[in-house]
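Enquirer: Take a look at this one; I'll ask things after.
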Amino acid sequence: MKVLVTGGAGFIGTNLVRLLVSERSDWNVEVLDYLTYAGNFENITDLVSDGKVVFHRTDLCDQEGLQKVFGSDGYDIVFHLAAESHVDRSLYAASTFASTNVLGTQQLVDCALATKCKRFVHVSTDEVYGSMGPNDRATEDYPIVPSSPYSASKAASDLMVLAAHKSLGLPAVVTRCTNNYGPYQFPEKFIPLFITRTMNEERLPLYGDGMQMRSWIHVLDHCRALLSLAEHTVVGKVFNIGGPLESEIPNIHVAKKIIELLGKSEALIEHVTDRPAHDRKYAVDSSALTALTGWAPQVLFQQGIEETLSWYQEHTAWWQAILSGDYKQFYQQHYGARHQS
Ligand code: NAD
Ligand code: TYD
């Protein structure tokens, strides 16, 4: 089985590649990643040096480059994860999100169609549904009402993939997962940002009242769901992937849990100006996926957050290298005026 993982040097991609190498050792796994600020070749260097993974540094927006990677034989399975993925950055650079997430996805679809790919797993997000009511959990037919340039670009890419299935026969499924956490997550996202800043005893910029709710899923539960769908024959459908019910937690409680586990003071929390159009709640109903494949999330939040904290404690060099680089500038641009002093 020849398999391509796009975005395989990013957070979820790295975890997926590692899962495939350990649990499907007879598969030939290749990674396509442009190594933007969010991609880190170090995450998979060991696998590439050991010959377990082939790496292509290619931009999704470079059509010729993509065609070269696909060659004439292409891949049996494509897991498409490469994307611009951070909501806050999309407020400053919406065109980049449109290029990579929409045009880049279409160009990948074109290559998959031309080489008769057997399975195309398009990895999307529950953010395409926009904000949910306090008692709601989106099913797959929930209205698509994205709030940010990020989620709008993901919604557009979902529709391109589904249209390619309908009109041209692309054997695709679209997945919409809730917020992931776990090892290798770039520390601009909420959980690793708050873990690393708490470890450094730096102020924690909590948007607004902090009562926004996310359904946290451990990244390995997400990756197992993707694998279960790749090995299924269903096509042309959307599947939600959600965390365990007890992991639907307001941000402020997540922040307090991190502080408690690290033995620091809640005074680190600073309520800062809210994100514009900040969705109050994301949560999904993933019973369709469970009914089809038997998949269900395994990692409870308490266990997952403890393991994630340990990972960041054991990998300080990994995240310190990121935080001391270009990320400093982004932090200043985005949070500078938000902090009180
Ligand atoms: P990430 O930002 O950590 O990684 C994205 C990867 O894509 C990086 O390695 C980057 O180098 C690569 N990339 C970006 N632009 C590229 C381009 N033009 N060409 C080739 N490679 C490019 O993101 P992530 O959190 O791992 O998310 C992966 C996917 O899962 C995304 O499609 C995202 O929308 C989706 N998703 C993420 C979450 C989450 O909580 N993180 C939840 C649901 C869905
Ligand atoms: P994030 O990790 O950016 O994921 P998303 O916006 O895609 O859900 O944010 C998760 C939640 O944490 C979201 O409600 C916004 C909030 N948040 C903060 O309060 N402060 C921050 O500095 C960040 C990055 C996020």
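The values are calculated or read from the model by the stated rules, or taken from the named source; none is laboratory data. Source: prediction; values computed, not measured. Positions of Cβ are generated from backbone atoms using ideal geometry, with glycine treated the same way; all protein chains shown enter the neighbour counts.
A quick yes/no check of all residues on (1) within 22 Å of residue 215 (Cα to Cα); (2) within 15 Å of ligand 1 (Cβ to nearest atom):
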position	(1), (2)
110	no, yes
134	yes, no
142	yes, no
147	yes, yes
156	no, yes
159	no, yes
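Enquirer: Inside the range 112-132, can you point out the residues that are among the aliphatic types (A, V, I, L, M), in a strand (DSSP E or B) and within 16 Å of ligand 2 (Cβ to nearest atom)?
Expert: The initial filter retains those residues of the range 112-132 that are among the aliphatic types (A, V, I, L, M), namely 112-114, 121, 123, 128, 132.
Those still in the list that are in a strand (DSSP E or B) too: 121, 123.
123 - this is the single residue of the range 112-132 that is among the aliphatic types (A, V, I, L, M), in a strand (DSSP E or B) and within 16 Å of ligand 2 (Cβ to nearest atom).
Enquirer: Which residues, counting only those in the range 269-304, are surrounded by 13 or more Cβ atoms within 10 Å (Cβ to Cβ), more than 16 Å from ligand 2 (Cβ to nearest atom), under 22 Å from residue 142 (Cβ atoms) and hydrophobic (A, V, I, L, M, F, W, C)? Give the derivation first.
Expert: Within the range 269-304, the first condition is being surrounded by 13 or more Cβ atoms within 10 Å (Cβ to Cβ), and the residues that meet it are 269-272, 274-275, 277-290, 292-293, 295-297, 299-301, 304.
Then drop every residue that is not more than 16 Å from ligand 2 (Cβ to nearest atom), which leaves 285-290, 292-293, 295-297, 299-300.
Going one step further and asking which of them are under 22 Å from residue 142 (Cβ atoms), we end up with 285-290, 292-293, 295-297.
The answer is 288, 289, 292, 295, 296.
Enquirer: Tell me the residue from 147, 167 that is farther than 23 Å from residue 234 by Cβ and either within 16 Å of ligand 2 (Cβ to nearest atom) or at pLDDT 95 or above (or both), please.
Expert: Details: 167 fails: farther than 23 Å from residue 234 by Cβ.
Going through 147, 167 in turn, just one is farther than 23 Å from residue 234 by Cβ and either within 16 Å of ligand 2 (Cβ to nearest atom) or at pLDDT 95 or above (or both): 147.
Enquirer: So, one more: From the list 109, 54, 21, 69, which residue is of a type outside the set (Asp, Glu) and in a strand (DSSP E or B)? Walk me through how you get there before you give the answer.
Expert: Details: 109 fails: in a strand (DSSP E or B); 21 fails: in a strand (DSSP E or B); 69 fails: in a strand (DSSP E or B).
The conditions single out 54.
Enquirer: Looking only at the range 52-87, how many residues end up being farther than 23 Å from residue 230 by Cα, more than 9 Å from ligand 1 (Cβ to nearest atom) and either buried (at least 18 other Cβ atoms within 10 Å of the Cβ) or in contact (Cβ under 8 Å) with a residue 12 or more places away in the chain (or both)?
Expert: Within the range 52-87, residues that are farther than 23 Å from residue 230 by Cα, more than 9 Å from ligand 1 (Cβ to nearest atom) and either buried (at least 18 other Cβ atoms within 10 Å of the Cβ) or in contact (Cβ under 8 Å) with a residue 12 or more places away in the chain (or both) number 2.
Enquirer: Moving on to the next point. Taking helices (runs of 4 or more DSSP H) that do not extend beyond the range 231-341, which have at least 2 residues that are within 30 Å of residue 1 (Cα to Cα)? Break it down stepwise before answering.
Expert: Values: elements: 251-262, 287-293, 301-314, 316-323, 327-335.
Once the helices (runs of 4 or more DSSP H) in the range 231-341 are filtered for at least 2 residues that are within 30 Å of residue 1 (Cα to Cα), what remains is 287-293.
Enquirer: Something else about it: Report yes if residue 221 is assigned to a loop (DSSP other than H, G, I, E, B), acidic (Asp, Glu) and either within 12 Å of ligand 2 (Cβ to nearest atom) or in contact (Cβ under 8 Å) with a residue 40 or more places away in the chain (or both), otherwise no.
Expert: no
Enquirer: Being buried (at least 22 other Cβ atoms within 10 Å of the Cβ) and either touching a strand residue (DSSP E or B) at 6+ places or on another chain (Cβ under 7 Å) or without any contact (Cβ under 8 Å) to a residue 40 or more places away in the chain (or both) is the filter here; which residues of the range 122-136 pass it?
Expert: 122, 123, 124, 125, 126, 128, 129 - these are the residues of the range 122-136 that are buried (at least 22 other Cβ atoms within 10 Å of the Cβ) and either touching a strand residue (DSSP E or B) at 6+ places or on another chain (Cβ under 7 Å) or without any contact (Cβ under 8 Å) to a residue 40 or more places away in the chain (or both).
Enquirer: Moving on. Which of the residues belonging to the range 257-268 are free of Cβ contacts under 8 Å to residues at least 12 places away in the same chain and either surrounded by 15 or more Cβ atoms within 10 Å (Cβ to Cβ) or closer than 22 Å to residue 338 by Cα (or both)? Even if it seems obvious, please write down each step before you answer.
Expert: Going through the range 257-268, the residues free of Cβ contacts under 8 Å to residues at least 12 places away in the same chain turn out to be 260, 263, 265-267.
Of everything in the range 257-268, those that are free of Cβ contacts under 8 Å to residues at least 12 places away in the same chain and either surrounded by 15 or more Cβ atoms within 10 Å (Cβ to Cβ) or closer than 22 Å to residue 338 by Cα (or both) turn out to be 265, 266, 267.
Enquirer: Which of the residues that make up the range 1-14 are more than 16 Å from ligand 2 (Cβ to nearest atom), surrounded by 24 or more Cβ atoms within 10 Å (Cβ to Cβ) and either within 13 Å of residue 47 (Cβ to Cβ) or of a type outside the set (Val, Ile, Thr) (or both)? Quick ask: steps written out before the conclusion?
Expert: Initial filter on the range 1-14 (more than 16 Å from ligand 2 (Cβ to nearest atom)): 1-6, 8-9, 13-14.
Going one step further and asking which of them are surrounded by 24 or more Cβ atoms within 10 Å (Cβ to Cβ), we end up with 4-6, 8-9, 13-14.
Of everything in the range 1-14, those that are more than 16 Å from ligand 2 (Cβ to nearest atom), surrounded by 24 or more Cβ atoms within 10 Å (Cβ to Cβ) and either within 13 Å of residue 47 (Cβ to Cβ) or of a type outside the set (Val, Ile, Thr) (or both) turn out to be 4, 5, 8, 9, 13, 14.
Enquirer: Could you grab the pairs with beta carbons closer than 7 Å, sequence gap of 6+ or different chains, first residue in the range 273-294 and on the phi > 0 side of the Ramachandran plot and polar (S, T, N, Q), second one away from ligand 1 (no atom under 16 Å from the Cβ) and in a helix (DSSP H, G or I)?
Expert: none
Enquirer: Within the range 153-168, how many residues turn out to be small (Gly, Ala, Ser), farther than 12 Å from residue 126 by Cβ and touching a residue at least 12 places away in the same chain (Cβ under 8 Å)?
Expert: First pass over the range 153-168, keeping only residues small (Gly, Ala, Ser): 153, 155-157, 163-164, 167.
Adding the requirement that they be farther than 12 Å from residue 126 by Cβ leaves 153, 156-157, 163-164, 167.
From what's left, touching a residue at least 12 places away in the same chain (Cβ under 8 Å): 153, 156-157, 164.
Count: 4.
For every residue, the table says whether it meets (1) within 10 Å of ligand 2 (Cβ to nearest atom); (2) not in a loop (DSSP other than H, G, I, E, B).
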| position | (1), (2) |
| --- | --- |
| 175 | no, yes |
| 183 | no, no |
| 187 | yes, no |
| 191 | yes, yes |
| 202 | no, no |
| 206 | yes, yes |
